[in-house]
Structures are given as C-alpha cells and as structure tokens.
Amino acid sequence: MGAQILETGAYPAAFDAFEKALLPSSLAWTGPLRRASIEAFRALGFPTTRDEEWRYTSVAPIAALPYGVSPRPLNGASARAADPAARLVPEGAIRLVFVNGHFAADRSDLARVPAGAVVSSLGSALEGHRPLVEPHLGRLAEFRSHAFTALNTAFMTDGAFVHVPRGTAIDSPVYLVFISAPGGGANASHPRNLVVAEEAGQVSVVEIHTGGGESAGFANAVTEIVVGPAAVVEHCRIGDEGERSYHVSTLQSELSRSATFTSHSIALGGALVRHDVNAVLAGEGADATLNGLYVLSGAQHVDHHTTIDHASPNGASRELYKGVLDGRSRGVFDGKIIVRPDAQKTDARQVNRNLILSEEALVDTKPQLEIRADDVKCTHAATIGQIDPGMLFYLRSRAVGEAEAREMLMRAFVSDVVSRVRHEAVRASLESLLAAKLGAQGRGRIA
C-alpha cells in the first residue's frame, strides 16, 4: 500500500467534550498531561507508511473508524459469552476484568492480593492512590513522538494499577482481562496499565485481550512497567481478538540496577495488530528478555517493533521472536538493540525465525544493532523457511497422518517460546490456545 496522508479524524475535536462531560472532577490533576498529549497527537497525526517506523503497516483502516468511546455493556450476556476467564484464568486467581475498557468489579477477584501490595483498577488508583501513581504515570511511555500513545494518554479512563512494595512478592500471577463485547458499531477503548515493582519486589502480570466478534473495534493499549533495583517482573501479553479487530499497543519498561524483566508477546488474532515492546536498561547489571510469537492466518497483519536500550554497563538481553504464517497473512518484525557509550560489557542476542505455510504469506524482518561501545558481545539473526519435507516424510512413514504431522512440527517450532513462560498455569492456557490454532492450520493445509 502506498504512502498516504491520514486525517486525525474527530479525536482532537472530541477531546474537549470528553474532558468536560466524561472525566470526573476528581481526576482534574491529570488534565495537564492529557492536554499535552492531545496537542502532541494533533501535531503528529496518524502515522503513514512514509514514516520509517510504520513503513510496513498502514493504519488507514484505524484512522477511518468513527470516533466513539466504547459504552458500558447494558446487558452482560454478550460479554459473558466472550469471557475468557473460565478457560484462560484459573479459578481463584487474582484478576481484573474490563469490558469495552470499563472495569467490571463483579467479574474481578482481588481476594489473594498480599498485604501491602495494591492491585486495582487505574480509575480507582487515580483517585485513591495518587501519591503512588503520579510519579510514574506518563513518565515512561513517550507520547510526544508516538501518536497512539498520545491518544491513549489523552483519553485513558481505566486499566490496571499494580504496586509491589519493597521486598514484597506476589506469588500468583495477576491477570488483566480485557474483553471487547460485540454490538453497537465501531468503538474505541484506550486501556492504560501501570505496574510498579519497588526494590526487590516480584510480580508476574498476564494481560489478555479477547473478544470482538464480528464488530469492527479499536483497542489502543499502553502499559508502563517500572522495575526497581533487584526487582523481578514478568509480563505476558496474549492477544486473541476477532477477525475485524484493530489493536495497537505499547509496552514501555525501565529497569534499575540488577533488575530483571521478561516480556512474552503472543499474537493469535485480530485483523490489524501492532505491538511496540521497549525496554530501557537504565541501571547497571540489568537483565531483559523479550519473547514473542505470532501465529497468523487469513488476511491478518501483525507488526512487532521492539527496542532494547542498553544505557548502563554489564547489562544482558535476550530476544527471541517466532512467527507461523498461513493464508495471505503478513508478519512484520522490526527489532533494534541500542548499546550506548557507557554500556560497556553488554551481552545482547536477538533472533527472529519465521515459518511460512503458504505461497501468499509474507514476512518482513528487520533486525538491527546500534552499538556505540567497544567492549560488548552482540549478535542478531533472522530466518524465513518452510516445513522441512524430510521431517514430514519421516513422521508420515511412522503412520502419522499429514495434518497431525504438520501440527506436530509447528508445535515443535513454537515450543521454545512457550516453554519460557515461568508460571505453569499461564503456560498451560497458552498451550491450549495454540493447540486449537495450530491444529486448525494443520487441517487447513490438507483440506
């Protein structure tokens, strides 16, 4: 698709009405940040394929959507039909559920949150925990240069707030479930999440986006994660949305001294999906791992952009992204590792591997190293291939059906990404989703 100029639509015009009519007066302290963000969006406009960072992804379908904040469902029936909690979230787990971007208290469970920690909706935290929220909200995710982050910051109303005090561990994963309930035409939601782990704090957060049905919807999510000194944070993001869903997300993390951060980004659904995953290793000896997996079919388009910024010495990073593409789908991987002059003794590795199942599927992969220090170990690699016919023949020769053999090989291909998820329950949910997706693709190639 060629470059084009995109209008900013009704968003700037709608902001004033949003601020006056929909924003509670108790959140007036967020006004300066919101107004700076909408002004940034007004100046930036929607990105086009003229922008190098958006070269492979046109957001014209998103820009063409009419503006409209998703309403609260009047009847919970449709949301319950799409509720993934029963199949993805274990019984009794800590969870926050959001329907069309609005917190659903009756569907959430916070009984197991340990004393001292805070797990709540961001809307509640903006009112009740301002001293914990204000120092971090909008400080990591850069809205001045990213149009969608600017939109989110201007219109954010709810999402999750997780605060882990010094020396505290939340042993069970915290699930954040975002459900797009069908009906009512095109709507937009701007979920905003803030996770703060203070020194030696530990927490795992699982962010699930699902639903959508046949309606065209737009979700624009931003998650900021502050990883304090010697803290350990794991974030797993699973996207399994409808065939007409558009989704843009930004995950921005900052690591202090000796901190450890792991990100898993799993994309299984949606029509047009763009994920930016960024980590800044600001403290000495910080360790970041970014894992990603996209399994695509039909005409899906999924674009992953990652940046690992080594800003201090003795840091380490590992990055593994894999894709399985069928039909006319298109996958994009654009990964950059930056090593700044002070980041001596950095050890960084980046790998992107892709498995193509059809002649019409397309992959654009762009691994990048930007090294400004001289005493480092950095490598990157990218591959695009097909299922090995020799391995397929081997399995067929042992009485394994072709569809099952293809599924076995695809599951083996993705297994090293899935196996890196630390919590067994999260890993099991993910394996269940993948089994259904890969099984359908294996059968589809035989039909």
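The values are calculated or read from the model by the stated rules, or taken from the named source; none is laboratory data. Fair warning: this is a prediction, and the values are worked out from it, not measured in the lab. Cβ sites come from the backbone with ideal geometry, for glycine too, and all protein chains shown count toward neighbours. Accessible surface areas use protein heavy atoms only, side chains included; no ligands, DNA or RNA. Shrake-Rupley method; radii C 1.70, N 1.55, O 1.52, S 1.80 Å.
Just a few scattered comments:
- Considering only S419, A382, Q368, and ranking their Cα positions along the charge dipole of segment 360-447 that arises from unit charges at the beta-carbon of Lys, Arg, Asp and Glu, the one farthest toward the positive end is S419.
- When each of the peptides 147-153, 285-291 is scored by the mean number of other C-beta atoms lying within 10 Å of its residues, the order from highest to lowest reads 147-153, 285-291.
- Accessible area of segment 296-447 belonging to carbon and sulfur atoms, whole % at 1.4 Å probe: 49 percent
- Calculated FRET efficiency, A36 to E127, Cβ-Cβ distance, R0 = 22 Å: about 0.55 to the nearest 0.05.
- Size of charge dipole - the chain - debye, nearest 20, with Cβ of Lys, Arg +1 and Asp, Glu -1, no other charges: 400 debye
- Solvent-accessible ranking of D106, D158, largest area first, probe 1.4 Å: D106, D158
- Amide hydrogen neighbours beyond the local backbone of R274, cut-off 5 Å, H modeled: H247, V248, S249, D303
- Ordering T157, G270, S249 by the projection of their Cα atoms onto the charge dipole of the chain, which places +1 on the Cβ of Lys and Arg and -1 on the Cβ of Asp and Glu, puts G270 at the extreme positive end.
- Estimated at 0.36 nm per residue, the fully extended path between A428 and S358 surpasses their Cα-Cα distance by 22.4 nm.
- Mean Cβ neighbour count within 10 Å, used as a protection proxy, ranking 25-37, 258-270 highest first: 258-270, 25-37
- Extending 7 Å from Cα along the Cβ direction at R112 and again at E402 yields two label points whose distance is 4.5 nm.
- Within segment 137-175, backbone nitrogen closer than 19 Å to the virtual label 7 Å beyond the Cα of A17 toward Cβ: 151-152, 154-157
- Amide H contacts of F333 (H built 1.01 Å from N, under 5 Å, at least 5 apart or other chain): H304, D364, T365, K366
- Net charge dipole size for segment 227-302 [Lys, Arg +1 and Asp, Glu -1 on Cβ; Debye, nearest 20]: 100 debye
- Derived scalar couplings ³J(HN,Hα) [segment 135-146; Karplus, 6.51 cos²θ - 1.76 cosθ + 1.60; whole Hz; x for Gly, Pro]: x, 10, 4, x, 8, 9, 6, 7, 8, 6, 10, 10
- Relative contact order, percent, segment 388-447 [alpha-carbon distance under 8 Å, six or more residues apart]: 42 percent
- From its DSSP helices (H runs of at least four residues, each -39,500 (n - 2.57)), the chain gives a residue-normalised ellipticity at 222 nm of -6500 deg cm²/dmol.
- Whichever aspartates and glutamates have a C-alpha closer than 12 Å to that of K20, once near sequence neighbours (fewer than 8 apart) are set aside: none
- Leading residue at positive end of dipole, segment 87-130 (Cβ point charges), from G123, G101, V89: V89
- Gained length - R372 relative to R420, 0.36 nm times residue gap less alpha-carbon distance: 14.3 nm
- Our summary of shape: the Cα atoms of the chain have principal axis extents of 69, 54, 48 Å, ordered from largest down, in whole angstrom.
- For R139, the amide hydrogen comes within under 5 Å of no other amide hydrogen, counting only partners 5 or more places away or on other chains and with H modelled in the peptide plane.
- Computed with a 1.4 Å probe over protein heavy atoms only, the accessible surface of segment 277-356 comes to 25 Å² per residue.
- Residue-span extension gain [A440 to A381] - 0.36 nm each, minus C-alpha spacing: 18.3 nm
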